[in-house]
Every structure is written in C-alpha cells, then in structure tokens.
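These notes are about the structure you will find just below.
The values are calculated or read from the model by the stated rules, or taken from the named source; none is laboratory data. Since this is a predicted model, take the numbers as computed values, not measurements. Here the Cβ positions follow ideal geometry from the backbone for every residue, glycine too, while neighbour counts run over all protein chains shown. These area figures cover heavy atoms from the full protein model, side chains too; ligands, DNA and RNA do not enter into them. Shrake-Rupley method; radii C 1.70, N 1.55, O 1.52, S 1.80 Å.
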Amino acid sequence: MVTGKRHKQQVFLYDRSASPWFQMDMAAEIRRALREDEFQLHYQPRIDLKSRQVVGMEALIRWEHPRYGSIPPSDFIYVAENSGMILPLGNWILSRAEQDMAQLERQGMKGLNIAINLSFKQLQDPTFCDGLPRRILNWKSARSQLEFELTETAVLSNPELVKKTLVAISDLGVKISLDDFGTGYSALVHVQEFPISIVKIDKSFVQRMAKDRSALTIVESIIGFAHRLNLEVVGEGIEQPDQLEKLQRMGCEQGQGYLFSKALPLAKFIDYARKANAI
Ligand code: C2E
Ligand code: CA
Ligand code: CA
Ligand code: CA
C-alpha cells in the first residue's frame, strides 16, 4: 500500500523531475536545508570478511525534509550536481565527517576508516581540487584512515586535473577507491594511471551472482584483476549469506550491505561497531 504521504512525496519528486523548475525548487530547497541544518550523515559499516570485524564505514547523506519526509540521495544529489549546490553540500559533508570522526575517537573507537563519496562535479571544480590537499593536511584524524570514493565517470571526466589532485592527496596518505566498479564504461586500463588502491564491486553484480553465472564470472574476474594490480576489493550490497560466502571464497577482502547493517546515525553506528568488535 502506498500511503498518502508517500504518494504525495513521489508525485512531487518524480512528476516534476522532468521540468526545469523541479531543479530550481530543489536547488533552492537544498540551499535552505543546508542553512537550516536538515542534512545528516549516516554511516554504513564496512566489514573485514575474514575477521568479521568492523574496519570502517561509508558516510552516506540523509535528508529529512520537514514537509516531504526523507528524500533519498538519488533524488537530490544530481540536482545538487546540476545546480552547483554540490560544492557547498560537499563541503558540509567533509566538515561533518571530520567532526564525526573526532567524536568517534573521543568515544574510544580508534583506527576505523572513513570513506567519503566525492561527486564528479567536485572533482571538475579547480577551486575544490586546489583546496583539497590543504583541507586534508588540516584533517583532525589520521589521514591514513581517510578514503575517498569516486566513480569511473568522475575519474575520466577531467583526467588531467583529477590525476593531479588524486596524486597530491594520495601522497598525503589518503586512500582512493573506485566506486560502482563494473558499471559505466569500464575503461579498466585507466585504473593503473590513477593512484587507486581499492575497488568497490557494484551491488548489481553482487546481487545477481546467485542466479546469473555471468555475474559470478564478472565478479570473479574483477577480483582477480584487482588483486593482480595490488588493489583491495570491497563487495557492496551484500544482503544474503550466500553472497557473502561466495565473495569470501573468491578472496574479496571487505564488504558492506544490509546483511551486516544499513547506514546508521553516528551513535547507532558506534553501538554496532562496539558489539561487532567486542569493545
Ligand atoms: P553509493 O555510493 O553506491 O552508495 C551505496 C548505496 O547502496 C547507498 O544508498 C546504500 O544505502 C545502499 N546500500 C548499502 N547496502 C545495501 C544493500 O545491501 N542493498 C541495497 N539494495 N542497497 C544497499 P544511498 O544512501 O541511497 O545512496 C545512493 C547514492 O547516492 C550513493 O551510491 C552515492 O552515489 C550517492 N550519495 C550518497 N551519499 C552521498 C554523499 O555524501 N556524497 C555524494 N557525492 N554522493 C552521495
Ligand atoms: Ca559509495
Ligand atoms: Ca557504490
Ligand atoms: Ca552509486
């Protein structure tokens, strides 16, 4: 059953999405929401598949709109990207992630990695790119615990600027992962040209593995390919024990997914990690 509220929300989100106003409204709403502090970061645990310990988390943005309820990132990130709002929003994400890491450490959770998604629009912006190394130098927690997730599109959108930026930040000890791996144009050769150390297998492959032999073969070859290039592999969207078991058997190092946990508010993430790691 679709509730009235949910229904209304979807009318708002999808029926107007084709019109340019939708973006104007939405961009203004994002600006307002930033001012009124309506965004939150939630954290999805990242698990070491061998030890089953929490080794880190991915920051995922959440928006609880006072009128429309929770709006998923897939409905507003692209508006933020097309309107330029992704720059202030992305800066907010970085600051909040930094504060939350400090909070985590104050609570005795040391050594966890934090992965932050970067939009291709942030990486196309010279001011953002120029400022990023300094931002990282001033980062309150260990730089070796910081990771940025980028898609292939982001890497290839402005290869020269992106390469220069990625080299600069990886020289500072930050890790870079390639998100949604296997989707997109898969210009795999480019992986070698950028300082990437982790690939995240897209959840669509992980989820098709059980029924679809070709998905299984793709995952197997991604893992083999990644390992030959000395990259670590993270499996995304693990929902079923057999998906976990297959990934583990193929040598995938880490995983995320609803089988372990969805993204949680910081306090709940801390509870989860304490329990999982027995601290
Ligand atoms: P993504 O970076 O590929 O993030 C993974 C998405 O898969 C998240 O959706 C997460 O909640 C969801 N997910 C995790 N485990 C499972 C699972 O087991 N099954 C299924 N079906 N889904 C799972 P979410 O939070 O809705 O984010 C969607 C996309 O929005 C992200 O895809 C990312 O591209 C973008 N996004 C989210 N937060 C941020 C952010 O802070 N900055 C930027 N630039 N983009 C963000
Ligand atoms: Ca991601
Ligand atoms: Ca992903
Ligand atoms: Ca994605």
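The table for this structure:
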{"read-out": "Close pairs from region 104-125: first within 16 Å of ligand 3 (Cβ to nearest atom), partner aromatic (Phe, Trp, Tyr) and at pLDDT 95 or above, Cβ under 6 Å, at least 6 apart", "value": "Ile116/Phe148; Leu118/Phe148"}
{"read-out": "Residue that is among the charged types (D, E, K, R), modelled with pLDDT under 95 and open to solvent by 50 Å² or more (accessible area, probe 1.4 Å), where the choices are Arg35, Arg96, Arg31, Arg6", "value": "Arg6"}
{"read-out": "Filter result for Asn113 (surrounded by fewer than 21 Cβ atoms within 10 Å (Cβ to Cβ) and within 30 Å of Ala267 (Cα to Cα))", "value": "yes"}
{"read-out": "Test set (1) within 16 Å of ligand 2 (Cβ to nearest atom); (2) open to solvent by 40 Å² or more (accessible area, probe 1.4 Å); (3) among the polar types (S, T, N, Q) - Gln44 fails condition number", "value": "(2)"}
{"read-out": "Among (1) touching a strand residue (DSSP E or B) at 6+ places or on another chain (Cβ under 8 Å); (2) under 20 Å from Trp92 (Cβ atoms); (3) open to solvent by 10 Å² or more (accessible area, probe 1.4 Å) - the single one Leu146 does not satisfy", "value": "(3)"}
{"read-out": "Residues of region 61-93 satisfying the condition of being at pLDDT below 95, among the aliphatic types (A, V, I, L, M) and outside any helix (DSSP H, G or I)", "value": "Ile71"}
{"read-out": "Pairs with Cβ under 7 Å, 6+ apart, first in region 196-222 and basic (Lys, Arg), second away from ligand 2 (no atom under 16 Å from the Cβ) and open to solvent by less than 20 Å² (accessible area, probe 1.4 Å)", "value": "Arg208/Ala215"}
{"read-out": "Which listed residue, of Gly90, Gly111, is of a type outside the set (A, V, I, L, M) and more than 16 Å from ligand 4 (Cβ to nearest atom)", "value": "Gly111"}
{"read-out": "Which numbered condition Leu216 fails, given (1) away from ligand 2 (no atom under 16 Å from the Cβ); (2) more than 22 Å from Tyr258 (Cβ to Cβ)", "value": "(2)"}
{"read-out": "Given (1) at pLDDT 95 or above; (2) open to solvent by less than 40 Å² (accessible area, probe 1.4 Å); (3) farther than 30 Å from Arg62 by Cα, number of the condition Lys246 does not satisfy", "value": "(2)"}
{"read-out": "Enumeration of residues in region 117-143 that are within 15 Å of ligand 4 (Cβ to nearest atom) and surrounded by fewer than 20 Cβ atoms within 10 Å (Cβ to Cβ)", "value": "Phe120"}
{"read-out": "Number of the exception - Asn230 against (1) modelled with pLDDT of 95 or more; (2) open to solvent by 10 Å² or more (accessible area, probe 1.4 Å)", "value": "(1)"}
{"read-out": "Test for Gln240: is it within 16 Å of ligand 4 (Cβ to nearest atom) and surrounded by 14 or more Cβ atoms within 10 Å (Cβ to Cβ)", "value": "no"}
